[in-house]
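Participant: Got a structure for you, questions after.
The values are calculated or read from the model by the stated rules, or taken from the named source; none is laboratory data. Computed from a predicted model, the values in this text were never measured in an experiment. Heads up, the Cβs are rebuilt from the backbone with ideal geometry, glycines too, and the neighbour counts pull from every protein chain shown. Heavy atoms of the whole protein, side chains included, go into the accessibility calculation; ligands, DNA and RNA do not. Shrake-Rupley method; radii C 1.70, N 1.55, O 1.52, S 1.80 Å.
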Amino acid sequence: MQGQEEERRFGADGWVAVRRHGFAAELVMDRPKAMNAVSTAMADALAEACAELAADRSVRAVVLSSTHDRAFCVGADLKERNSFTDADLMRQRPHTRAAYTGVLELPVPTIAAVHGFALGGGFELALACDLIVADGTAVVGLPEVSVGVIPGGGGTQLLPRRVGAARAAELVFTARRVPAPEAAELGLVDQLVADGQDRAEALELAARIARNSPVGLRAAKRALRLGHGLDLRAGLEVEDGAWRSVAFSGDRAEGVAAFNEKRDPEWPGE
């Protein structure tokens, strides 16, 4: 992995940062006093950071992480919402949707590094990533119905795509919190690692991913995302379109040449 570069902060309060690790980027939630609760300002910072990452063609993988030692993200900022009128809540909705959609629509592979609490909107941020690496302290869940709402950051759609409709229904309807071992068993997280190692393992995974063709990675993610849920014939058409977008690229030519010359590829990224 290449050395870490200087971080860039987003939002007036600097609650979100982007750190570069060579071709991988780390999207860092850093609102420690609120356990990364997603306020309007936090949502705006996440959306802004995601927009910049999406536009950066040098980024090949993204890790979503937290600086808090006991939480990934505890979800919506209920203290802020307690002061809201109905009109305030409706005005906030586009801001929070932009944050969750920003993570979900990042065009490169994304990995959530989860420890401690990842609840409600916090777990939805993790679900918006392609892969979830969690340590033994992780506790995940979608408890929204226990406070009179429903998951609104993609949870009702992303969770059944991970674990099936019936399992997702049980978890949403009971609002229960799931500890790390059970979360791994149920497929709520993809990789369970030693306590305190979620970030390091996620960054190492991102580094392995980022060695590959940036053109290929973006096309593969596009095919996986767009083809999911389609019937096989339609899915294969999505795959064919993605294949055609890379088949005549500079990355394909370099990949084939490097393989035959028994050397590491130097991806042009186009």
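Participant: Out of the residues in the range 9-44 that are in contact with a helix residue (DSSP H, G or I) (Cβ under 8 Å, 6 or more places away or on another chain) and of a type in the set (D, E, K, R), state the one that is nearest to LEU205 (Cα to Cα).
Facilitator: So, considering only residues that are in contact with a helix residue (DSSP H, G or I) (Cβ under 8 Å, 6 or more places away or on another chain) and of a type in the set (D, E, K, R), the one nearest to LEU205 (Cα to Cα) is GLU26.
Participant: Sticking with this structure for a sec: Going by the structure shown, is ARG176 basic (Lys, Arg) and outside any loop (DSSP other than H, G, I, E, B)? So that I can check it myself, show each step before the final result.
Facilitator: Numbers: basic (Lys, Arg): yes; outside any loop (DSSP other than H, G, I, E, B): no.
The answer is no for ARG176.
Participant: For VAL63, state whether it is part of a loop (DSSP other than H, G, I, E, B), over 16 Å from PHE123 (Cβ atoms) and open to solvent by less than 40 Å² (accessible area, probe 1.4 Å). I'd like the intermediate steps shown before the answer.
Facilitator: Numbers: part of a loop (DSSP other than H, G, I, E, B): no; over 16 Å from PHE123 (Cβ atoms): yes; open to solvent by less than 40 Å² (accessible area, probe 1.4 Å): yes.
Spelling it out, it is not the case that VAL63 is part of a loop (DSSP other than H, G, I, E, B), over 16 Å from PHE123 (Cβ atoms) and open to solvent by less than 40 Å² (accessible area, probe 1.4 Å).
Participant: Since ALA47 meets every condition but one in (1) in contact with a helix residue (DSSP H, G or I) (Cβ under 8 Å, 6 or more places away or on another chain); (2) surrounded by 15 or more Cβ atoms within 10 Å (Cβ to Cβ); (3) touching a residue at least 60 places away in the same chain (Cβ under 8 Å), which condition does it not meet?
Facilitator: Failed condition: (3).
Participant: Check the range 136-143 and report whether any residue there is touching a residue at least 24 places away in the same chain (Cβ under 8 Å) and part of a helix (DSSP H, G or I).
Facilitator: Restricting attention to the range 136-143, the residues satisfying the condition of being touching a residue at least 24 places away in the same chain (Cβ under 8 Å) are 136-143.
Checking the rest, the ones that are also part of a helix (DSSP H, G or I) come to none.
No, the conditions are met nowhere in the range 136-143.
Participant: Next question, about the same structure. Within the range 20-44, which residues are open to solvent by less than 20 Å² (accessible area, probe 1.4 Å) and in a loop (DSSP other than H, G, I, E, B)? If you could, list the steps in order and put the result at the bottom.
Facilitator: Quick first cut of the range 20-44, residues open to solvent by less than 20 Å² (accessible area, probe 1.4 Å) only: 21-22, 24-29, 36-39, 42-43.
Matches in the range 20-44: GLY22, ASN36, ALA37, SER39.
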